[in-house]
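*Asks:* Sending over a structure as C-alpha cells; questions will come in a sec.
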Amino acid sequence: MRRATGLDLRYLNALQKANRDAVGFFGTAALFKYVSRGQVWLQLENDEPCGYLLFNDTPGARIRRVRPGTATIYQVCIQTDARRLANATSLVEALATEARRHGFDWLDCCVTDTIAANDFWPSVGFAVVGRRRGGRSRGRVLNHYERELRHDPREPRLVYPDRESV
Ligand SMILES: CC(C)(COP(=O)(O)OP(=O)(O)OC[C@H]1O[C@@H](n2cnc3c(N)ncnc32)[C@H](O)[C@@H]1OP(=O)(O)O)[C@@H](O)C(=O)NCCC(=O)NCCS
C-alpha cells in the first residue's frame, strides 16, 4: 500500500471512470486535491496499483451532516482482476487503524443501495445507520454506513496531522 501521487491521477481516473455507476465521479481537480492531502491510498499487487481508497479526514471538514470525530470514505475501488482477494479489506482496515490512531471515533460512507458493495461493507464492520435520496438526476437511494472505531482510551491521542505511518 502507498499514498497516491500526482503521477497516479491517470490510473485513478481510469479506474474511477470504469466504475462510475458504483463510486460516482470526481473531476481531476478534485482528485488532485485529495491526492495532495494524502487522502488517496493505493493497494498494490506486485508493486503495481490494483485499486484505491479515497477518504476525507480533514479536521472540521463540513462533510454532510455527520457526527464529529468521523472520517468519511468517498470511494473504494478495486480492479476487476484483483477482487475477492481482500484488497479492499486491507485498505479499509489500514484506514481504520490510522484514523483511530489520530483520534477519530467513526468511519462512514454512503453507498447506492442496489450495488454488490452492500455485501462488502458489513464484512469490514460497517452497519447501515440511515438511508437517504441521492442526486436528483438518478433518483437513487443511498445507504449510510458507519463503523465505530472504538478508540482505546489508554492510547494517547496524537496531534493531527502527524501521519508518518501508512
Ligand atoms: C466492492 C469492492 C471494493 C470490494 O473489493 P474486494 O477487494 O473484492 O473486497 P474484499 O476481497 O476485501 O471482500 C471482502 C468480503 O466482502 C464481501 N464481498 C466483496 N465483494 C462482494 C461481492 N461482489 N458480492 C458479495 N460479497 C462481496 C465478501 O464477504 C468478501 O469476502 P470473501 O471474498 O471471503 O467472500 C470491489 O468489488 C469494487 O471495487 N467494486 C466496484 C466499486 C464499488 O462498488 N465500490 C464501493 C462503493 S464506494
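*Asks:* What distance in nm separates the simple spin-label points at ILE115 and ALA30, each placed 7 Å from Cα in the Cβ direction?
*Replies:* The modelled label-to-label distance comes out at 1.3 nm.
*Asks:* If you don't mind, another one. Between ALA22 and GLU93, what is the spin-label point distance in nm, taking each point 7 Å from the Cα along the Cα→C-beta axis?
*Replies:* Between ALA22 and GLU93, the label points sit 2.0 nm apart.
*Asks:* Give the residue from HIS144, THR112, GLY134 lying farthest towards the positive end of the charge dipole for segment 108-147; charges sit on Cβ (+1 for Lys and Arg, -1 for Asp and Glu) and the dipole is referred to the Cα centre.
*Replies:* The Cα lying farthest towards the positive end belongs to GLY134.
*Asks:* Take the alpha-carbon centre of segment 56-130, take the same for segment 1-27, and report the distance between them in whole Å.
*Replies:* If we compute the Cα centre of each part, the gap is 16 Å.
*Asks:* Read phi for every residue in segment 142-150 and hand back ³J(HN,Hα) as whole Hz from Karplus 6.51 cos²θ - 1.76 cosθ + 1.60, θ = phi - 60°, with x for Gly and Pro.
*Replies:* 10, 8, 9, 9, 9, 9, 7, 8, 6
*Asks:* Considering only DSSP beta bridges where both residues belong to segment 1-111, give the percentage that are antiparallel (nearest 5).
*Replies:* 80
*Asks:* To continue, here is another question. Against the 2.2 N^0.38 Å scaling, with N counting residues, where does segment 2-148 land? I'd like the Cα-based Rg ratio to two decimal places.
*Replies:* It is 0.99.
*Asks:* What's the exposure ranking of ARG147, ARG37, going from fewest to most Cβ atoms within 10 Å?
*Replies:* ARG37, ARG147
Only the coordinates and a few stated rules stand behind these numbers; no lab work does. Everything numeric in this text was worked out from a predicted model, so none of it was measured. Don't worry about glycine lacking a Cβ; one is built from the backbone with ideal geometry, like all the others, and counts go over all protein chains shown.
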